[in-house]
């Protein structure tokens, strides 16, 4: 990087309100801020999430739990703030109270950060009162919301109502809205018809080549086992294929059903650096999610994880998986599926190494974020005078066009790629 480029980068800053803690498994937020740091943003301020709902009894089980091991390097270009907050976010005056008793250092740091940059961007990965305050009071040139899920669906009662109102308010105020699935963009179309779909991706750099078929023996799952995990479906697979081992990898946050078939193996959370080796032993990758409000807008990263290793996928018909089929290496499953027939098809399949290489290139995080990076470099006033990609049309919503375009990294939610 030249001296001129370094000077320019020092003038660009990003304040990122993350949906996950910095000290967690590397996810879309981590790769996004790294992409900003690699593409001209010399200053990045990461704001860890704080409780945005009222506490419940389930929170007691998480006290003292061990955080997941880090899977990303300590990037010196990224400064992390961890706001404390009273868990009263959904209640009236909660923002005022937390600004008085908890947020003064954070507010001062954000203000100082913005004043030290010439082109400041606010990015909101999870709606909150703190992020909403920043939109109103922190000097910035552009802002965007990166909507990764149906946040209100994770909450109940007054917490759900408050999160829904906050997400709507923030999406109205930011310069741009990006969504990780077409369903999320459709849900927001009432208030932001210009929402842009930027699908998830995967860290495909430095992956080993796909394994040979002889080393693949498991029906496997990698990820959290939560309330969205369809245990009855997994049991039915195990019962129908008693000689096939089913390996489940990841932390469990719901009770394991009693009397599981003997061929189901739960090995818990494993170091992220071992994931490629573990997935390479999968004959098929499972995504057994329930179909409900929680999963309707999900583009599961495990799809990209499996396919980047050449592993075929069995998935329920939820979220973005509804638009994927055999050409994407996906078989859509349900409780009535013929498991013997599906397993025979897996055993007859072969891995196309050239297709895997193309897939890896298409879904790498750096390519996914190119449209966002191009957009945020432009002042909001300039963007208002110049239509996105030269021909933005906001006259219609064409879902079918969106769902035909999963091989691209960006879809504007009006049917145009």
**OP:** Report the residue count in region 204-226 for those that are surrounded by 12 or more Cβ atoms within 10 Å (Cβ to Cβ) and in contact (Cβ under 8 Å) with a residue 60 or more places away in the chain.
**Re:** 14
Original post:
Can you tell me which of 165, 153, 182 is within 20 Å of residue 194 (Cβ to Cβ), within 25 Å of the chain's Cα centre (by Cα) and not assigned by TED's automatic domain parsing to the domain that holds residue 300?
Top reply: 182
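Out of 320, 281, 252, which single residue is surrounded by 14 or more Cβ atoms within 10 Å (Cβ to Cβ), under 21 Å from the mean Cα position of the chain (by Cα) and touching a residue at least 40 places away in the same chain (Cβ under 8 Å)? Lay out the reasoning, then the answer.
Working: 281 fails: under 21 Å from the mean Cα position of the chain (by Cα); 252 fails: touching a residue at least 40 places away in the same chain (Cβ under 8 Å).
Every option except 320 fails the conditions.
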Original post:
Can you name the number of the only condition in (1) modelled with pLDDT of 85 or more; (2) over 27 Å from residue 166 (Cα atoms) that residue 30 fails?
Top reply: (2)
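Only one residue in 331, 315 is farther than 20 Å from residue 27 by Cβ, more than 17 Å from the chain's Cα centre (by Cα), buried (at least 16 other Cβ atoms within 10 Å of the Cβ) and touching a residue at least 12 places away in the same chain (Cβ under 8 Å). Which one? Can you show your working first?
Numbers: 315 fails: farther than 20 Å from residue 27 by Cβ.
Answer to the check: 331.
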Original post:
How about region 282-374: which helices (runs of 4 or more DSSP H) wholly inside it have at least 1 residues that are out of contact with any strand residue (DSSP E or B) (no Cβ under 9 Å at 6 or more places or on another chain)?
Top reply: 339-348, 353-363, 365-368
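Can you pull out every residue in region 82-96 that is outside any loop (DSSP other than H, G, I, E, B) and surrounded by 17 or more Cβ atoms within 10 Å (Cβ to Cβ)? I'd like the intermediate steps shown before the answer.
Pass one, region 82-96, residues outside any loop (DSSP other than H, G, I, E, B): 94-96.
94, 95 - these are the residues of region 82-96 that are outside any loop (DSSP other than H, G, I, E, B) and surrounded by 17 or more Cβ atoms within 10 Å (Cβ to Cβ).
The values are calculated or read from the model by the stated rules, or taken from the named source; none is laboratory data. All values reported here derive from a predicted model rather than from experimental measurement. Positions of Cβ are backbone-derived with ideal geometry, glycine not excepted, and every protein chain shown enters the neighbour counts.
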